[in-house]
Amino acid sequence: MFGPDKCGSTNKVHFILKHKNPKTGKYVEHHLKFPPSVPYDKLSHVYTAIMKPDNEVRILIDGEEKKKANFLSADDFEPALIPSKTIPDPDDKKPEDWDERAKIPDPNAVKPDDWDEDAPMEIEDVEATKPEGWLDDEPEEIDDPEASKPEDWDDEEDGEWEAPKIDNPKCEEAPGCGEWKRPMKQNPAYKGKWHAPLIDNPNYKGIWKPQEIPNPEYFELDKPDFDPIAAVGIEIWTMQDGILFDNILIADDEKVATFILEKTWKPKYEVEKEKEKAEEAAAAADGLSEFQKKVFDILYKIADVRFLAPYKTKIIDVIEKGEKQPNITIGILVSVVVVFVTVLFRILFGGKKPAAPVKPVVEAKKPKATETDGAGSSGDKVEKEDDEKEETGDKVEKEEDEKEETAAPRRRSRRET
């Protein structure tokens, strides 16, 4: 069997042969050791196995040699084509008095009288004293005084509402709060469980192995005795489409194989390579790779998270800017994740709720009265200008509201798409 196998952690070009043992008549399967890997792409490739009369086998991928081995070498095939001359005797048994222990505990050793196996590893530091200013009656955490029960909280469905905890501000200035306990330190009297020291085993005989006997399946061979090739079959197991085989060649001349490679595979490979480059260039021209598109899809979903509603407009503005400038995709991703984590942290740990966005209102500023030497007509003019500017302010405010109303649908349509 010869060809690529790529599945899960497996990635290799198989070369497996079955060889008949001339003594037993059994066929044994032999696998090439350390086979080459399969190219990591979706292009067409050609795999070639060249077997020579001198027992050499060469594996080529796209006409380039990737592996060289020898059929009769035990270093190249597992198991080796030629069995070992001897094998361990299957009927040999280890004697009952056979001692394989190189070291043994000293039978004459005695545990010292001052060895306390029950002494703990750590003990309280009796010399430690409570720091001055320690607040024994203050808890380390307190209810957030600024937190309030949500309006949509249902005690029957959500349970009794409890204010989130925050760090006690009094403890930040003090050395500590709550019940003070002495710190632990390493016990100088700790020695652990006593064990007798090891000494050389006087009865040590080494690691036992069964004796070797002649291998009844051993044979000598100058070259492999292959059966004639009667047919060609394709063994395929896959869970994806797009895997095709063609131009299977069996020849007795290496030059024929090279000619077929140059004539059939190489032109197709060059076309596929150019097509791949064109697709990569088109993707670069679009500005977004498949990875970047997935990133922006996730960011739009994050923007729709309920508790981020006050920040939704700003988040979408940032995402749309990132789509126009793909080179800042990572920065956009980090920014949105930081906002998400910050708001989530505040909600979980009692921070202030995000304030709802306030519509911009343009207030018309009244000009200050200026001193003039003229008659009262100047004052009338200023007063009239004030009235006109107030009307203008109302108009500006109305236009701002209309702009926001017209902008909102655009945001919704972008997110929906």
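The values are calculated or read from the model by the stated rules, or taken from the named source; none is laboratory data. These numbers were taken from a predicted model, which means no experiment stands behind them. A quick note on method: Cβ atoms are made from the backbone with ideal geometry, for glycine too, and the neighbour counts reach across all protein chains shown. In case anyone asks, the SASA skips ligands and DNA or RNA and just uses the protein heavy atoms, side chains included. Shrake-Rupley method; radii C 1.70, N 1.55, O 1.52, S 1.80 Å.
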message: Looking only at residues that are hydrophobic (A, V, I, L, M, F, W, C), farther than 17 Å from GLY178 by Cβ and in a loop (DSSP other than H, G, I, E, B) in the stretch 108-136, which one is least open to solvent (accessible area, probe 1.4 Å)?
response: ALA119
- prompt: Out of the stretch 12-54, which residues are at positive phi and either within 33 Å of the chain's Cα centre (by Cα) or at pLDDT 95 or above (or both)?
  reply: PHE34
task: Tell me, please, whether a residue that is closer than 30 Å to GLU100 by Cβ and open to solvent by less than 50 Å² (accessible area, probe 1.4 Å) can be found in the stretch 162-180.
output: no
task: Determine, yes or no, whether VAL57 is out of contact with any strand residue (DSSP E or B) (no Cβ under 6 Å at 6 or more places or on another chain), at pLDDT 95 or above and open to solvent by less than 40 Å² (accessible area, probe 1.4 Å).
output: no
- prompt: Counting only residues that are farther than 30 Å from GLY242 by Cβ and without any contact (Cβ under 8 Å) to a residue 12 or more places away in the chain, how many does the stretch 52-81 have?
  reply: 4
- request: Could you please let me know if ILE87 is aliphatic (A, V, I, L, M), open to solvent by 30 Å² or more (accessible area, probe 1.4 Å), in contact (Cβ under 8 Å) with a residue 24 or more places away in the chain and part of a loop (DSSP other than H, G, I, E, B)?
  value: no
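Each row is one residue, and each column tells you yes or no for (1) outside any loop (DSSP other than H, G, I, E, B); (2) under 18 Å from THR48 (Cα atoms); (3) open to solvent by less than 100 Å² (accessible area, probe 1.4 Å).
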| site | (1), (2), (3) |
| --- | --- |
| PRO216 | no, no, yes |
| PHE219 | no, no, yes |
| PHE226 | no, no, yes |
| ALA231 | no, yes, yes |
| GLU235 | no, yes, no |
| LEU244 | no, yes, no |
| ASP252 | no, yes, no |
| ALA257 | yes, yes, yes |
- request: Out of the residues in the stretch 153-183 that are touching a helix residue (DSSP H, G or I) at 6+ places or on another chain (Cβ under 9 Å) and assigned to a loop (DSSP other than H, G, I, E, B), state the one that is nearest to PRO131 (Cα to Cα).
  value: GLY178
- request: Report, ordered by the first and then the second residue, all pairs with beta carbons closer than 8 Å, sequence separation of six or more or different chains, a first member in the stretch 319-332 that is modelled with pLDDT of 65 or more, and a second member that is open to solvent by 80 Å² or more (accessible area, probe 1.4 Å).
  value: ILE328/LYS321; ILE332/LYS321
- prompt: What are the pairs, 6+ residues apart or on separate chains, where a residue within the stretch 6-24 that is within 30 Å of TYR218 (Cβ to Cβ) and free of Cβ contacts under 8 Å to residues at least 24 places away in the same chain has its Cβ under 7 Å from a residue that is of a type in the set (A, V, I, L, M) and open to solvent by 60 Å² or more (accessible area, probe 1.4 Å)?
  reply: HIS14/MET1; ILE16/MET1
